[in-house]
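Have a look at the structure below, then the notes.
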Amino acid sequence: MGADANTLIAKYCAPAGQQSWWAGETAPLQDTPAKMQNHRTQAFIDGVAYFNAIKDEIQILLKTTDPNRFFYMAAWWLGLTSFQGQLRVADSWNFANVETDTGETYAEFSEFAPPLSVQNLETLLKMMVDKGVNVRVLPWVLPLIGDERIASKTGMGGVNFHTLVSVSSLRQRIGNERVVLNLLAHTFGGSHCKMVICGDSNSMRAYTSGLDPVDSRLLPPGLTKQQVSAQHVATFQANNTAELNTVCDLLSLNLLSEPLFDEFKGMLSLPDFTVFRDAEQRGRYEIRVDVRWENREWKLALYDGPMKALYIFYLKKDKDNDAIRIYQWPAGGWHDVGVRVEGRAAGAIHDFFRDMWNEQLGRDVETFKINNDRTASHDRAWQPLPLRQPVDLAANTGKQYVQVLRTVPLMNFTLTPEKRGKFLVPDDFKVKFGVKGHRIKIGPQALAIPVGAYAAVQNAYIRPKLNFAPNGCFEFKVALQKAISEAMDYIFIADQSLYALEIMEWINLRMQKMPSLKVILMFGADPADPPNSFLPEAMNKKLLPGVRRNSKGDTQPSNIVFYEWTGNAVHCKVTIIDDTWCAIGSANCMRRSLYTDVELSVSILEPPTPSEELPRTPAEEAALPQDRKAPSFVQHFRRDLWAHYCGIPLDPAQRSATESQHYTALLQQKAALAVWNPPWGWAPRGLSLRPEMSRQNLQPFPWGAPFDSKDYDRVDPDSRQAF
């Protein structure tokens, strides 16, 4: 018999009255079992599933006639409208595609799922308005985006200008007052929450996710078996085990042996090995081998100088056949997760949207000019959103316990002009001016005071506090830290970043107290994010020190694995702990999600079904016998997510008999953990992760550029600091 809900809530969830010395660090509003109980939740894995659910909500609203129907949507990036060409910003500069210099191309969010739909989201929003649905859209824009340097250097130009083009078009179709620009974020952050709240007089459903309405979010992640075969470009066949071991040993020393080189020679039209090595010494070629999994897996990067081409290969040892299989994985997939919440917590999510909407209406109007179109943030005469009562589920119909986890920044703009300038100006920044032959260099120190003084008088730089959270609101941080501090069996995090130094420190502290705790990190960088030194710092300096390591040959940490889903953005922001507690939403494993970006996640707790009572076969899962019980939400969600990572279709109609057996077997926590690391349990025979999932070396994690704390403070900021 497992622990009851009250015991688990006391263990994993932030309690009522929790308060740190930071005023914004308080427990979520749902801080007792009575406030958390009776919710119904459903997870959606990847963009097509999530936006199909939103599409279904819209169809319900279009078909019904309740006078209180509503549909509210907040987005970090609103990509509803297509546009091709050059954008003229503020009558002063052109925003163009940096690769082609022919202008940015914006795709229209015209489909929810295959097959293509002629009714894009903008059209469906218009249809709802025509049918009497109260539609409100709240997309974020950075107030400083009109500055060419900021738009280009931050990468936010491509996001915000697409949003502004979409807002202009959407206002023409549904009315200006239904679309408000969200300018509430911190100067160094964004309003990153992505949510939908909808319903009528008798119902309310809230969604939160990592998914914005942008075409790329519908790209399916992962490869089919046929696609995997197509990416298997070569196999090195050793003559015997001794030769295979020699080749693998050299790879681990960043050396490509001649027998293995021959597999690449014909594929890439390379010269003979001796000529190649000579050319490599002269810099015409460059090879780098990264050990991904000691004596099992490597990443090989080969730069061909004459052709100016970079080739990336993944090498996997096949010890059973004395071979090395060579793959090239394509890029472009998008992995994400969203969740729907029904019950009183949906009302709290509604109130968060309403708080932001009404706060923005009370601010001064700010205007952005793109081409010849002026887009105002709002009009002070527009009416605020009224209160709306939450809708409870019927008693005892919801099994999940939910907390709403918000992040709202503290606006602490108190630095002196000199200190602000030193923070803003990079240490290696230099500018030259003057006439030819009389150049004067100005370095960071000389620039600091004028830059800081200029920023101090800019309304767009110094943002006011939010009236509904004047001290900031760091509920996500409080809830996540509490759950991690009580983990017993495992912690799983899937994220595009994984470089929150604090979070890795929390995990390390818990592992010191609980050496048997297992940690699984799933990573896949967003291609829009530039490489940085933060991830190696988080792994090597915060997570790995002092953890237990294997003793024989392989000195990897015994209870930590780090996987990269090669070629895919792992954009979901998911944490699962002990098959009991999980967090889903917009908040990343970054410091900025703890303290600076406006975020919305939810935590969901449900007592897990004991392993001996879970169904053992697909037939039992389809029709539970008396001695079997259904898995909890967290168990079911974890199983579906990890089945996806094993390439098992989530649509039962597409599963083979073996895949169906594996799907049910993954309900067992110990079997599922062994998929990530065989010593952790007994994985079902024949079940493994997708081939394109690559395990990363952790002895240590590969270092990049030296860690720069000042750069970290700018890129992954903490709003509690002075700015």
- Message: Which count do you get for residues in the stretch 216-242 that are buried (at least 16 other Cβ atoms within 10 Å of the Cβ) and in a helix (DSSP H, G or I)?
- Response: 5
- Top-ranked residue in the stretch 250-273 [being of a type in the set (S, T, N, Q) and free of Cβ contacts under 8 Å to residues at least 12 places away in the same chain; ranked as surrounded by the most Cβ atoms within 10 Å (Cβ to Cβ)]: Ser257
- Message: Anything in the stretch 570-580 that is more than 17 Å from Leu666 (Cα to Cα) and in a loop (DSSP other than H, G, I, E, B)? List them, or say none.
- Response: His571, Cys572, Lys573
- Quick one: Arg690 ticks every box in (1) farther than 30 Å from Glu537 by Cα; (2) in a loop (DSSP other than H, G, I, E, B) except a single one, so which number is it? (1)
- Task: Find the residue count for the stretch 320-369, including only residues that are free of Cβ contacts under 8 Å to residues at least 60 places away in the same chain and part of a strand (DSSP E or B).
- Result: 1
- Message: Being under 30 Å from Asp578 (Cβ atoms) and either at pLDDT 90 or above or β-branched (Val, Ile, Thr) (or both) narrows it down to one residue among Gly79, Gly24; which is it?
- Response: Gly24
- Task: Quickly run through the stretch 190-215 and pick out the residues that are small (Gly, Ala, Ser), assigned to a strand (DSSP E or B) and surrounded by 24 or more Cβ atoms within 10 Å (Cβ to Cβ).
- Result: Ser191, Gly199, Ala206, Ser209
- Every listed condition ((1) in contact with a Leu (Cβ under 9 Å, 6 or more places away or on another chain); (2) modelled with pLDDT of 95 or more; (3) over 18 Å from Asp373 (Cβ atoms); (4) of a type in the set (A, V, I, L, M)) holds for Met204 save (1)
- May I ask you to say which residue of Ala34, Ala27, Ala14 is hydrophobic (A, V, I, L, M, F, W, C), free of Cβ contacts under 8 Å to residues at least 24 places away in the same chain and closer than 23 Å to Gly398 by Cβ? Ala34
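Quick grid of which residues meet (1) within 30 Å of Ala3 (Cα to Cα); (2) at pLDDT 95 or above; (3) surrounded by fewer than 19 Cβ atoms within 10 Å (Cβ to Cβ):
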position	(1), (2), (3)
Tyr461	no, no, yes
Pro470	no, yes, yes
Asp489	yes, yes, yes
Leu498	no, yes, no
Met504	yes, yes, no
Met522	yes, yes, no
Ala528	no, no, yes
Met539	no, yes, no
Leu543	yes, yes, no
- Scanning the stretch 356-384 for residues that are touching a strand residue (DSSP E or B) at 6+ places or on another chain (Cβ under 8 Å) and over 27 Å from Asn94 (Cβ atoms), which turns out surrounded by the most Cβ atoms within 10 Å (Cβ to Cβ)? Met356
- Task: Consider Gln635 carefully, then state whether it is at pLDDT 95 or above, buried (at least 21 other Cβ atoms within 10 Å of the Cβ), part of a helix (DSSP H, G or I) and not charged (D, E, K, R).
- Result: yes
- Note on the structure: Condition set among the hydroxyl-bearing types (Ser, Thr, Tyr) and modelled with pLDDT of 95 or more, scope the stretch 566-595, selection nearest to Arg292 (Cα to Cα): answer is Thr575
- Query: Hey, among the residues in the stretch 665-723 that are more than 30 Å from Leu614 (Cα to Cα) and hydroxyl-bearing (Ser, Thr, Tyr), which one's surrounded by the most Cβ atoms within 10 Å (Cβ to Cβ)?
  - Reply: Ser719
- Message: Could you go through the stretch 33-47 and let me know if any residue there is of a type in the set (Val, Ile, Thr) and either at pLDDT below 95 or buried (at least 22 other Cβ atoms within 10 Å of the Cβ) (or both).
- Response: yes
- Task: Go through the stretch 285-300 and count every residue that is surrounded by 15 or more Cβ atoms within 10 Å (Cβ to Cβ) and either assigned to a helix (DSSP H, G or I) or over 29 Å from the mean Cα position of the chain (by Cα) (or both).
- Result: 3
- Note on the structure: Residue hits (the stretch 301-325; under 19 Å from Thr241 (Cβ atoms) and surrounded by 20 or more Cβ atoms within 10 Å (Cβ to Cβ)) are Leu315, Lys317, Ile324
- Message: Looking at the stretch 395-402, can you tell me whether even one residue there is among the aliphatic types (A, V, I, L, M), farther than 15 Å from Val598 by Cα, surrounded by fewer than 18 Cβ atoms within 10 Å (Cβ to Cβ) and at pLDDT below 90?
- Response: no
- Message: Need the failing condition index for Leu521 against (1) in contact with an Asp or Glu (Cβ under 9 Å, 6 or more places away or on another chain); (2) within 20 Å of Thr208 (Cβ to Cβ); (3) free of Cβ contacts under 8 Å to residues at least 60 places away in the same chain; (4) of a type outside the set (S, T, N, Q), just the number.
- Response: (2)
- Item | Members of the stretch 603-617 that are more than 32 Å from the chain's Cα centre (by Cα) and either outside any loop (DSSP other than H, G, I, E, B) or among the acidic types (Asp, Glu) (or both) | Glu612, Glu613
- Message: Return the residues of the stretch 581-600 that are in a loop (DSSP other than H, G, I, E, B) and either out of contact with any Ser or Thr (no Cβ under 9 Å at 6 or more places or on another chain) or of a type outside the set (A, V, I, L, M) (or both); say none if nothing qualifies.
- Response: Ser586, Asn588, Cys589, Thr596, Asp597
- Residue list for the stretch 274-283, restricted to those being exposed (fewer than 15 other Cβ atoms within 10 Å of the Cβ) and under 39 Å from the mean Cα position of the chain (by Cα): Gly283
- Task: Run Val675 past the list (1) of a type outside the set (D, E, K, R); (2) touching a residue at least 24 places away in the same chain (Cβ under 8 Å); (3) in a loop (DSSP other than H, G, I, E, B) and report the number of the one that doesn't hold.
- Result: (3)
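Condition check ((1) buried (at least 20 other Cβ atoms within 10 Å of the Cβ); (2) farther than 22 Å from Ser516 by Cβ) across all residues:
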site	(1), (2)
Val574	yes, yes
Asp597	yes, yes
Glu612	no, no
Glu620	no, yes
Ala623	no, yes
Gln626	no, yes
- Query: Within the stretch 275-293, can you find the residues that are under 12 Å from Tyr314 (Cα atoms) and β-branched (Val, Ile, Thr)?
  - Reply: Val289, Val291
- Message: Take residues that are in contact with a Lys or Arg (Cβ under 9 Å, 6 or more places away or on another chain) and tell me which of the strands (runs of 3 or more DSSP E) falling wholly in the stretch 1-98 contain 1 or more.
- Response: 40-45, 70-75, 87-89, 93-95
- Task: Determine which single condition Glu57 fails, assuming it passes every other condition in (1) closer than 20 Å to Gly398 by Cβ; (2) in contact with a helix residue (DSSP H, G or I) (Cβ under 9 Å, 6 or more places away or on another chain).
- Result: (2)
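The values are calculated or read from the model by the stated rules, or taken from the named source; none is laboratory data. It should be emphasised that the depicted structure is a prediction, and the values quoted were computed from it without experimental measurement. When we count neighbours, we look across all protein chains shown, and the Cβ atoms used for this are built from the backbone with ideal geometry, even at glycine.
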